[in-house]
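The values are calculated or read from the model by the stated rules, or taken from the named source; none is laboratory data. All figures in this text were calculated on a predicted structure; none of them were measured in a lab. Using ideal geometry, Cβ is built from the backbone for each residue, glycine included, and neighbour counts are taken over all protein chains shown. The area values use the complete protein model at the heavy-atom level, side chains included, leaving out ligands, DNA and RNA. Shrake-Rupley method; radii C 1.70, N 1.55, O 1.52, S 1.80 Å.
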Amino acid sequence: RHTVIRQFVAGLLPEFADCSADHQIGRSVLSGGVTNQLYKVWRVDKPEVAVVVRVFGKETERIISRNAELFWQSQFLRTFGKCRN
């Protein structure tokens, strides 16, 4: 999963665009996700450049409206992108 997360943030955010190897980004699991897995992702050479990546739990869209969730998230948090899980 580390490679997929690196490719996602590198393709989406200019601050990560030159991170072409997994060792160039750090990743840690954050607690608090009930139906999601949350990761803090940062540049190893610039730890102040960091984002949170959310990976939805398997088939959780059956009980949670992801469109509504994204709407409310974007009202309170800067949201950079969305992709299929």
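What the table below lists for this structure:
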item	result
Residues (loosely packed, with under 14 Cβ neighbours inside 10 Å and assigned to a helix (DSSP H, G or I)) located in the range 47-65	62
Among (1) among the β-branched types (Val, Ile, Thr); (2) modelled with pLDDT of 95 or more; (3) open to solvent by less than 30 Å² (accessible area, probe 1.4 Å) - the single one residue 44 does not satisfy	(3)
Pair list, Cβ under 7 Å, 6 or more apart: the range 51-77 residue under 19 Å from residue 2 (Cβ atoms) and in contact (Cβ under 8 Å) with a residue 24 or more places away in the chain, other residue of a type outside the set (Gly, Ala, Ser) and open to solvent by 100 Å² or more (accessible area, probe 1.4 Å)	55/85; 56/85
Residue match in the range 27-37 (condition: at pLDDT below 90, part of a loop (DSSP other than H, G, I, E, B) and touching a Phe, Trp or Tyr at 6+ places or on another chain (Cβ under 8 Å))	yes
One residue from 24, 37 being of a type in the set (S, T, N, Q) and farther than 22 Å from residue 74 by Cα	24
Positions within the range 1-22 being outside any helix (DSSP H, G or I) and either loosely packed, with under 13 Cβ neighbours inside 10 Å or in contact with a helix residue (DSSP H, G or I) (Cβ under 6 Å, 6 or more places away or on another chain) (or both), in sequence order	1, 17, 18, 19, 20, 21
Condition broken by residue 80, with the remaining ones in (1) at pLDDT 85 or above; (2) open to solvent by 80 Å² or more (accessible area, probe 1.4 Å); (3) hydrophobic (A, V, I, L, M, F, W, C) satisfied	(1)
